[in-house]
Each structure stands twice: as C-alpha cells, then as structure tokens.
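The values are calculated or read from the model by the stated rules, or taken from the named source; none is laboratory data. These numbers come from a predicted model, not from an experiment. Backbone-built Cβ (ideal geometry, glycine too); neighbour counts: all protein chains shown. Surface accessibility is based on the protein's heavy atoms, side chains included, excluding ligands, DNA and RNA. Shrake-Rupley method; radii C 1.70, N 1.55, O 1.52, S 1.80 Å.
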Amino acid sequence: MRQWIVRDYALAAALLIVGIPAVAQDTGPTLGGCPVMPRDSIWNVPVDTLPIDAKSARYVARIGAAHLKPDFGAGFYDGVPMGIPFTVVPMNQPKVPIHYAPFEDEEAVAPESDPGPYPIPRDAPVEGGPASKDDRHVIVVQQGSCTLFELYKAVPTADGSWNAVSSARFDLEGHELRPDGWTSADAAGLPIFPGLVRYDEVAAGEIRHALRFTLPTTRRAYVWPARHFASRSDEPDLPPMGQRFRLKANVDISRFSAANQVILRALKRYGMFLADNGSPLFLSGAPDGRWNNDDLAALREIRASDFEAVDSSRLMRDPNSAQSATRR
C-alpha cells in the first residue's frame with residue numbers, strides 16, 4: 001500500500017477570495033521573468049466552450065475505470081522523489097555538450113533532437129532521482145533567453161556533459177512546433193514544462209494553462225499540436241497523442257479542498273493534453289515540499305467518466321504553429 005509523506009502548508013489567502021483580479025485574467029503563466037508560452041498559445045487558451053469531440057465517448061470508454069492520479073507531491077514514494085522537477089538558470093549558465101546515447105533498451109534519436117550545448121548544471125535534478133531507470137527527464141528554463149531545454153533519459157557524465165536518448169529546446173516566447181513527425185523529450189513531441197501542475201500557481205489561486213497526462217495505451221496517430229505518436233495500434237477507439245480532454249462542467253468539485261479546486265477548475269477550463277504513454281490518467285506536476293500529499297490523494301475520486309474529449313480543431317491557425325486562432 002502506498003505510504004504518503006505528509007507536508008503541512010497554508011494556501012495563500014487569495015484562495016479564499018471569490019474571483020480573480022481583471023489583470024490576472026489576461027496574463028499567462030510565467031517563470032523567471034519569462035512567459036510560459038505566449039498568451040495566445042494553444043497551451044494557454046481555454047477550451048471550456050469548445051465542442052465535444054465526436055469520438056469522446058469511445059475514447060473515455062476505452063480508458064475504462066481509471067481514476068485521476070496526481071503524479072507529483074512532496075517527498076518520496078517507495079524511496080523515489082515524486083513529480084517531474086525543473087530548474088531555472090541564469091543567462092550566463094555555462095553550456096555543456098549533449099551526447100545522444102542509448103539507455104537500457106531505448107536507442108538514441110539524435111536526428112530528431114536539437115543538438116547541444118545546453119545550459120544544464122551538473123547537479124540539475126533528474127526525474128525519479130539519480131538511480132532511476134524510468135523517463136529521467138531533465139528540464140531547465142534559462143532566464144534572459146527565455147528558452148526551455150528538456151532531456152529524456154538523461155544521465156550526467158563525469159566531465160559535466162550529459163547523455164540523453166532525445167532532447168528538445170523551445171522558445172518560451174514563440175509558437176514554433178517541432179518538425180512534423182519529430183519527437184521531443186516527450187512522446188507526443190510537445191514540451192513537458194508548460195503542462196506541469198506547479199505549487200506556486202495553486203497557491204496563487206489559479207492555473208491558467210492546460211495540463212499534461214498519460215495513458216498506458218494510445219493510438220498510432222497524433223493531432224495538433226502534437227507532432228509524434230508512440231504506438232503500433234491503429235485501434236480507432238484509442239485516443240491519439242495530443243488529444244485534449246477536459247473535466248465536464250457539471251462535475252461537482254465543491255467537496256474538494258481549496259487547493260484541489262484550483263487544479264480541477266483548470267481541468268474544466270483548460271483541460272489536459274495526452275502527452276505520453278504511462279500509467280492511466282496520471283496527471284503530471286512538479287515536486288514541492290509544500291504539497292500536502294494526503295490532500296492531493298483526494299483527486300483520485302475523479303473518474304475517467306468525468307472527462308470528455310475536446311474538438312479543438314477550430315483553434316488551429318496553422319498546423320505548424322502553436323498559436324491559437326481564437327483568444328478569449
């Protein structure tokens with residue numbers, strides 16, 4: 001049975017205030033003085049009024065009896081740190097080489113990776129910890145350049161460089177997508193960081209962007225803004241990479257804590273992108289010692305049947321751009 005490490009924390013008083021100041025409604029997420037994608041990026045545009053995808057019921061039925069699971073928290077689970085960590089570095093952070101090398105049974109995909117050097121510190125946190133055999137993501141945001149650097153299956157070397165199976169860089173101020181058909185540090189070819197639940201956003205009372213989640217089985221297809229699939233199955237009831245889901249508007253979230261209501265409101269308004277193969281309905285977030293793990297566990301009351309797939313095709317301005325055709 002899972003043993004949670006509990007951390008007490010007090011949410012900001014803003015969580016108890018009804019409504020958000022008007023200025024906050026028109027600003028997107030930020031970090032280190034950088035926007036986390038432009039305000040009109042598909043990541044930051046609400047989808048609560050968009051039509052339901054024609055295959056929604058089939059997708060949800062295929063997901064089955066899964067419940068939402070926050071794949072982040074404070075401390076450790078079975079000795080492994082929870083969540084996908086990130087670090088912010090200054091503009092003058094030294095850049096180091098990135099070597100593309102196999103890891104376990106995965107071959108490197110250097111042709112679809114952005115070559116180094118990258119400004120990644122020797123001690124950058126690795127998802128799952130130093131001994132992890134899993135995804136081992138490393139995420140770095142560089143201030144000044146507002147560039148996001150992400151590695152998959154990252155392993156530091158003795159000389160300060162890094163080995164990785166794949167990597168990608170993203171302009172946090174731009175709309176550029178990966179080349180069509182290319183992966184990134186994520187199976188869908190999307191950036192990871194914009195879809196993470198971050199404690200500071202929850203404490204501030206609002207998440208203003210889409211989130212990221214995983215399913216164990218996906219279709220051999222992808223939809224905008226995703227660029228890559230990771231499946232051999234053409235089963236039509238399986239959702240493709242990049243499919244966006246949202247929590248149904250009629251799901252009662254009043255029984256949840258103020259913190260969890262922030263997350264659930266974001267799932268209603270902005271939804272979540274299917275970004276990788278993994279455990280069913282695992283919602284990605286960043287680790288933080290202030291999370292209350294027992295409280296987060298209550299999110300598991302949300303079922304797959306509480307979600308619906310969204311048809312966001314009308315937001316596509318250009319298939320090779322993440323810029324939304326509509327901004328609210």
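Take Ile63 and tell me if it is exposed (fewer than 15 other Cβ atoms within 10 Å of the Cβ) and hydrophobic (A, V, I, L, M, F, W, C). Full working, then the answer.
Values: exposed (fewer than 15 other Cβ atoms within 10 Å of the Cβ): no; hydrophobic (A, V, I, L, M, F, W, C): yes.
Criteria not met by Ile63.
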- Task: Considering each residue of the stretch 81-99, count those that are open to solvent by less than 60 Å² (accessible area, probe 1.4 Å) and either touching a Lys or Arg at 6+ places or on another chain (Cβ under 6 Å) or part of a strand (DSSP E or B) (or both), and give that number.
- Result: 6
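Residue by residue, here is whether (1) at pLDDT 95 or above; (2) in contact with a helix residue (DSSP H, G or I) (Cβ under 8 Å, 6 or more places away or on another chain); (3) at positive phi holds:
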{"position": "Asp237", "(1), (2), (3)": "yes, yes, no"}
{"position": "Pro240", "(1), (2), (3)": "yes, no, no"}
{"position": "Ala249", "(1), (2), (3)": "yes, yes, no"}
{"position": "Ala259", "(1), (2), (3)": "yes, yes, no"}
{"position": "Leu264", "(1), (2), (3)": "yes, yes, no"}
{"position": "Lys268", "(1), (2), (3)": "yes, no, no"}
{"position": "Met272", "(1), (2), (3)": "yes, yes, no"}
{"position": "Ala275", "(1), (2), (3)": "yes, yes, no"}
{"position": "Leu281", "(1), (2), (3)": "yes, yes, yes"}
- In the stretch 291-310, which residues are open to solvent by 50 Å² or more (accessible area, probe 1.4 Å) and in contact with a strand residue (DSSP E or B) (Cβ under 8 Å, 6 or more places away or on another chain)? Arg300, Glu301, Arg303
- Any idea which residue in the stretch 115-134 is nearest to the chain's Cα centre (by Cα), counting only those that are over 14 Å from Lys95 (Cα atoms) and in contact (Cβ under 8 Å) with a residue 40 or more places away in the chain? Glu127
- Can you find a residue in the stretch 146-164 that is closer than 30 Å to Val60 by Cβ and of a type outside the set (A, V, I, L, M, F, W, C)? yes
- Query: Across the stretch 252-274, what is the number of residues that are part of a helix (DSSP H, G or I) and over 22 Å from Ser312 (Cβ atoms)?
  - Reply: 5
- Message: Conditions first: (1) of a type in the set (Val, Ile, Thr); (2) open to solvent by 10 Å² or more (accessible area, probe 1.4 Å); (3) in a loop (DSSP other than H, G, I, E, B). Val47 passes all but one, so which condition is the exception?
- Response: (2)
- Note on the structure: The residue from Asp288, Asp276, Asp252 that alone is among the charged types (D, E, K, R), over 20 Å from the mean Cα position of the chain (by Cα) and open to solvent by 10 Å² or more (accessible area, probe 1.4 Å) is Asp252
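Here's the yes/no breakdown for (1) over 25 Å from Val202 (Cα atoms); (2) at pLDDT below 95:
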{"position": "Gly75", "(1), (2)": "no, no"}
{"position": "Val88", "(1), (2)": "no, no"}
{"position": "Ile98", "(1), (2)": "yes, no"}
{"position": "Asp105", "(1), (2)": "yes, yes"}
{"position": "Pro111", "(1), (2)": "yes, no"}
{"position": "Arg122", "(1), (2)": "yes, no"}
{"position": "Ser132", "(1), (2)": "yes, no"}
{"position": "Val140", "(1), (2)": "no, no"}
{"position": "Phe149", "(1), (2)": "no, no"}
